[in-house]
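Take a look at the structure below.
What follows draws every value from the coordinates through simple rules; no lab data is involved. Only a predicted model underlies this, so the values are computations on that prediction, with no experimental measurement involved. Counting neighbours? That spans all protein chains shown, and the Cβs are built from the backbone with ideal geometry, glycine included.
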Amino acid sequence: MNKSRFYLFFAAVAALVCLCGVFFYSPLNSPLPRSVSASADFASPEFSLDTAKSMLSLCSSSYKAEELEQKLSKNGFWDFVYFERNQSSQTGSGIAAGIARNQEGMILVFRGTNKGEWYSNFHIGKEAEHAGFSAAADFALEKLEAYVKDRSLNTKSLFLQITGHSRGGAVANLTAKRLIDKNTFKGVSAYTFASPNTTTSPAARSESYKGIFNVTNPEDFICYIPLEAWGYTRYGTDYELPRGELEENRELYEKMQSRFLLLTDYNHTGYPNGHKDVKKFLSAAGKLSPTVFDYYNKEIPLYPNSITLYEYMENAASLLGGEKSLSKGMLLLGGSVSPSFHPITRFMMQGIRIEDVTEDSSITHSAIGCGHTYETYEAWLNVLNEDYFRKK
């Protein structure tokens with residue numbers, strides 16, 4: 001396979017892998033910017049920048065129970081429980097989260113994607129909510145209710161704060177919706193970061209869910225999938241970070257990049273035309289599979305055969321889940337791609353070198369990775385002020 005075809009094939013694989021969610025884990029080491037408290041402030045219908053920073057810091061520690069417990073303990077929480085459900089099947093509900101409490105309330109912090117949970121990310125289903133995220137939210141709700149019951153807690157006197165990044169953000173979004181509907185807590189609010197879309201419900205933006213705050217990055221295409229063209233959105237209110245390609249945001253964008261460099265020790269890679277490039281990608285993906293039905297049923301040419309987008313995702317999920325190396329996966333998936341993938345290829349290859357396509361390398365330094373990672377969200381939150389979000 002020559003170099004240009006190698007590039008083309010890898011990018012198409014990466015594009016399809018990422019279409020339903022690329023969830024990079026790159027933890028922040030910064031301390032909480034202020035004391036965390038599940039108080040009336042947390043249940044407020046008003047977005048708080050300080051609270052958002054605190055929640056993102058907790059999300060960055062969610063992959064390791066000990067790290068999350070230590071951070072919560074330093075900020076006045078106790079009785080920590082970390083629950084985890086492994087991905088048992090391609091359509092399962094693998095998830096993990098930490099629960100803790102203080103005198104005023106409780107906090108629930110979700111982990112992002114881990115290994116076999118990639119299969120669940122790609123399982124959209126045919127109901128009003130994304131099937132993989134919905135199943136994980138149902139399981140989390142059971143664990144939360146068991147925590148409350150075992151301790152005989154009076155939830156009507158307690159506030160509950162929920163948070164998560166990426167897959168964790170999607171599950172936090174749906175869990176908060178369920179608990180708001182149940183009305184068993186004194187107050188429920190949620191901060192999600194880089195959350196994919198979760199639902200097709202026409203009530204998703206209703207006043208009932210005004211305490212769900214979704215922070216999105218316009219250069220993070222994960223925030224726009226499953227596709228809006230398929231009818232998907234999120235519960236609550238979205239707070240979009242600045243679009244760096246706009247001249248009015250140029251100075252802010254440069255400050256964000258400087259902050260990102262301090263956090264990561266490498267330069268932030270963005271798209272040449274910012275959100276405009278993301279929109280072009282989403283349009284190309286929509287043409288590839290115009291509906292969820294097409295996602296599961298439309299055969300797309302992939303030399304020498306054809307395959308549905310969902311079947312392709314299942315194969316790609318095995319790579320991201322660590323079952324095979326990326327190089328071996330490419331050999332298994334074939335030697336060529338459909339011309340339909342060319343627009344997607346140009347988008348996905350931004351910042352990816354041929355040297356990155358190895359068993360031990362990652363693409364976290366690419367535009368895909370930089371758009372989605374914790375540090376980009378943290379960098380933006382630290383260069384913005386409260387007034388920016390009040391205008392939303």
### Task
Using a cut-off of 12 Å between beta-carbons, work out the net charge of the residues near Tyr209 (Lys and Arg +1, Asp and Glu -1, Tyr209 not included).
+2
### Message
Calculate the FRET efficiency for Glu311 and Glu240 from the Cβ-Cβ distance with a Förster distance of 56 Å, rounded to the nearest 0.05.
### Response
0.95
### Query
Near Lys298, within a Cβ-to-Cβ distance under 14 Å, what is the net charge of the other residues, with Lys and Arg +1 and Asp and Glu -1?
-2
### Message
Apply the Karplus curve 6.51 cos²θ - 1.76 cosθ + 1.60, θ = phi - 60°, to the phi angles in the range 58-70 and return the couplings in whole Hz, x for Gly and Pro.
### Response
5, 4, 5, 9, 6, 7, 10, 4, 5, 5, 5, 4, 4
### Task
Could you give the size of the charge dipole of the range 188-267 about its Cα centre, using +1 on the Cβ of each K and R and -1 on the Cβ of each D and E, expressed in debye and rounded to the nearest 20?
340
### Set Lys156/Lys210; Lys126/Lys298; Lys143/Lys182; Lys53/Lys210; Lys210/Lys287; Lys177/Lys287 screened for pairs whose C-alpha atoms are more than 22 Å apart
Lys210/Lys287; Lys177/Lys287
#### Entry: Distant-in-sequence amide H partners of Phe47 (H built 1.01 Å from N, under 5 Å)
none
### Stretchable slack from Ser157 to Ala128, in nm (0.36 nm times residue separation minus alpha-carbon distance)
7.3 nm
